[in-house]
Amino acid sequence: MSVISSRDNPRVRRWRDLARDAAERRKEKSALIEGAHLVTACLDSRTPIKALILSKSGAQRSELASLAERSGKEPVELADSLFRLIAGTETPSGIAAEIVLPSTKIELKNAASCVFLEGVQDAGNVGTVLRSAAAFGVRLAVLGRGCADAWSPKVLRAGMGAHFAMTILENADLGAVIENFGGKVACTVPRGGVPLADADLSGRVGWLFGAEGQGISAALAARAALKVTIPMPGGAESLNVAAAAAICFYEFSRRGARA
């Protein structure tokens, strides 16, 4: 197998663009994932892989060879410097894949639970919210306009495979989606809400979270039938949005919710 060593190679340029540019991902309906964990999660979910990419130094490792065999694709080998270029990390694992973006067709009225994100721009927070949602059985995420791109490398890394365990809708009109959801919408407020442990979380619940600083817009907050507060005896002013979401998802799951 020959090794691609030129950064001007068309395939290398394509993968670099997919890693860096949300508009390119939307246009091509493809994304680049990096790392054995994400590639394994992708294969387990049967998400189509367009190309499997290995770095020259990592291509002989048994784990990577096994993943390559599972993918059914003839791997493309890149020089280590080029692999680092598309992976975007200082110490990449040596395996990446170009994948087909999963369908965003959703049936809101059939969703037992979901999470709505408004204006959460931090990629790490978006990915961590998705990871927690998947861990506690929330299988649908709706990201409003202004959120970090769900398929960016940083969100994918923070999500740790959650993308392949749930349906994700991006650039949504949250007002319209919430109306179509038809279930109970719950949001967190720093003070004055129902303590989370006492909140009525029965039925279909959609969790609404906003960006740190701005919080949830008044228009969307007005749509929330339930406002909950997470007690903080330590006296902190607020929680990171990803931490707040994880606590809410845990409590929801603990009550026996099923997505």
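The values are calculated or read from the model by the stated rules, or taken from the named source; none is laboratory data. What you see is a predicted model; the values in this text were computed from it and never measured. Ideal geometry is used to build each Cβ from the backbone, glycine not excepted, and the neighbour counts take in all protein chains shown.
Within the bounds of region 22-31, is there any residue that is modelled with pLDDT of 85 or more, part of a strand (DSSP E or B) and closer than 24 Å to L169 by Cα? Walk me through it before giving the result.
Initially, region 22-31 is screened for residues modelled with pLDDT of 85 or more, giving 22-31.
After this cut, where a residue has to be part of a strand (DSSP E or B) as well, the list is 30-31.
Narrowing the set further to residues that are closer than 24 Å to L169 by Cα leaves 30-31.
Yes, some residue in region 22-31 is modelled with pLDDT of 85 or more, part of a strand (DSSP E or B) and closer than 24 Å to L169 by Cα.
Which ones in region 74-112 are more than 25 Å from the chain's Cα centre (by Cα) and not hydroxyl-bearing (S, T, Y)? Walk me through it before giving the result.
Initial filter on region 74-112 (more than 25 Å from the chain's Cα centre (by Cα)): 74-82.
Answer for region 74-112, where residues must be more than 25 Å from the chain's Cα centre (by Cα) and not hydroxyl-bearing (S, T, Y): E74, P75, V76, E77, L78, A79, D80, L82.
Scanning region 171-206 for residues that are at negative phi, surrounded by fewer than 17 Cβ atoms within 10 Å (Cβ to Cβ) and in a loop (DSSP other than H, G, I, E, B) turns up D173, V189, P190, R191, D200, S202.
On inspection, F209 passes the criterion of being crowded, with 16+ Cβ neighbours inside 10 Å, modelled with pLDDT of 95 or more and not aliphatic (A, V, I, L, M). Taking every residue in region 205-225 that is in the same structural domain as A186 (by TED's automatic domain parsing) and pairing it with any residue that is surrounded by fewer than 19 Cβ atoms within 10 Å (Cβ to Cβ) and not in a loop (DSSP other than H, G, I, E, B), at least 6 positions away or on another chain, the pairs with Cβ-Cβ distances below 6 Å are V205/K184; A225/K184.
For the condition over 19 Å from V39 (Cβ atoms) and not assigned by TED's automatic domain parsing to the domain that holds A224, what is the one hit in S81, S93? Give the derivation first.
Working: S93 fails: over 19 Å from V39 (Cβ atoms).
On inspection, the qualifying residue turns out to be S81.
State which residue is surrounded by the most Cβ atoms within 10 Å (Cβ to Cβ) when the search covers only region 72-98 and only residues that are among the acidic types (D, E) and modelled with pLDDT of 85 or more.
Within region 72-98, the first condition is being among the acidic types (D, E), and the residues that meet it are 74, 77, 80, 90, 98.
Checking which are modelled with pLDDT of 85 or more leaves us with 74, 77, 80, 98.
Values: E74: 9, E77: 18, D80: 15, E98: 23.
Out of the qualifying residues, it is E98.
Scanning region 125-170 for residues that are assigned to a loop (DSSP other than H, G, I, E, B) and either without any contact (Cβ under 8 Å) to a residue 12 or more places away in the chain or aliphatic (A, V, I, L, M) (or both), which turns out farthest from A112 (Cα to Cα)?
A148
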